[in-house]
Amino acid sequence: MPRRKPGTMLPLETEILELALSMLRSGRATFHGFGLAQTMRDRSGSRSLTAHGTLYKALSRLEEFGLLTSRWEDAAAERRPRRRLYELTMRGARVAQQARAGKTIARSPRVAVEPA
Amino acid sequence: MTPERMAALVTRWVRFYVRDLPTPIAARRVHEIDADLHDHIAHERASGTSDRRIGLSILSRMVRGVAADVSWRDQHAKIKSEVSVFMQQPVTGPSASRPRPLTVTILAILAAVGGIGAVLGVLAGAFVIHGLDSLDATDAVIVIPALILAALYLAFAYGAWTLRSWGWTLGVGAAASSIVYITAILVRDWAELMRDAPPLAWMSVLVAIIAAVGLFFWFRPDVKAAFGRA
């Protein structure tokens, strides 16, 4: 994983925000870790899923920045463990839109890297 | 290699690196990875992927994420330590205020197991070469320092595990002594070792190299800080 320069976001974090924005626009407000890893794999055409540590560390940081929020799903359906559901915040949507518009996060407001 | 077995391995790794982090943070990570592993296996099986390939994929995700896991843990352990100092909680021991970096844990385990193993190995080598009955005064030069080193390693393992300030000194001392000791033995008995027990000779070389690498880690700022020597 590349080292982070102060005031910047990692490409993976930007990618997560952009995907979250796409999902929000297609009516899926929440997403979970494995679903996200799967979507990223399908989108990039890669054969492997994002590593656990890399993925959940990135999600955790985005949450610290106030760009995502998360909660446990209400009840475990289909006799499976409860998933942690993530959702883009207004602030996160703004940053994702800026990223999508071609601005680098390095040049975008420091809001992107300051914990909420 | 069943997917369930690989998932159990990942769960054990997660439980290892979240140990002694605040319970809500640790529990969240454990449950989140559990759900991920469950979804992963269910999805791949539904897609007709073979169990072997699923297992390898789970293992690959774990291995590729180890560095991020360790960095995430260090970050949360640091926060916990800062909060603990801020709250001025009663300190019951050095480890109560300073989290033990994973590097120190690994070094302590490696040093304790590898160090003692190596010392015992060299002793065994001496017996192999000279025979139990023909041990003479010159062999005491090997045996006594080896026993002292073994004791040093045990004390060091305890000191590192509990982050005693003397643990760092002992760690550096043990690593440096091992290098000197093993080098001296190898210089003295290299020919005999290569003739009678070549694996032992190469293992000793390997242990000396590991000790040298360990020495490098002991001087890393985060390791020194964990022992209160920053």
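How shielded is B:192-198 by partner chains, expressed as the average number of their Cβ atoms within 10 Å of its Cβ atoms? Write out the running numbers ahead of the final one.
Details: counts 0, 0, 0, 0, 0, 0, 0.
Averaged over the peptide's residues, the number is 0.
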Checklist entry - How many partner chain Cβ atoms sit within 10 Å of a residue's Cβ in peptide A:80-86, on average, as a whole number? => result 5
Checklist entry - Any idea how far the Cα center of segment A:17-35 sits from the one of segment B:156-216, in Å? => result 53 Å
Item to check | Ordering of A:35-48, A:61-74 by burial proxy (mean other Cβ atoms within 10 Å per residue, highest first) | outcome: A:61-74, A:35-48
Next on the checklist: To make sure I understand, if each residue's beta carbon is the centre and we count other beta carbons within 10 Å, what order do B:12, A:82 fall in, fewest to most?
Outcome noted: B:12, A:82
Next on the checklist: I need A:57, B:224 ordered by Cβ neighbour count within 10 Å, fewest first.
Outcome noted: B:224, A:57
Next on the checklist: Averaged across B:57-70, how many Cβ atoms of other chains sit within 10 Å of each residue's Cβ atom?
Outcome noted: 5
Checklist outcome for this item: When A:9, A:90, B:194, A:23 are arranged by how many other beta-carbons sit within 10 Å of their Cβ, fewest first, they go A:90, B:194, A:23, A:9
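Rule-based calculations on the coordinates, nothing more; no lab input. Keep in mind that this is a model prediction, so the values were computed, not measured. A quick note on method: Cβ atoms are made from the backbone with ideal geometry, for glycine too, and the neighbour counts reach across all protein chains shown.
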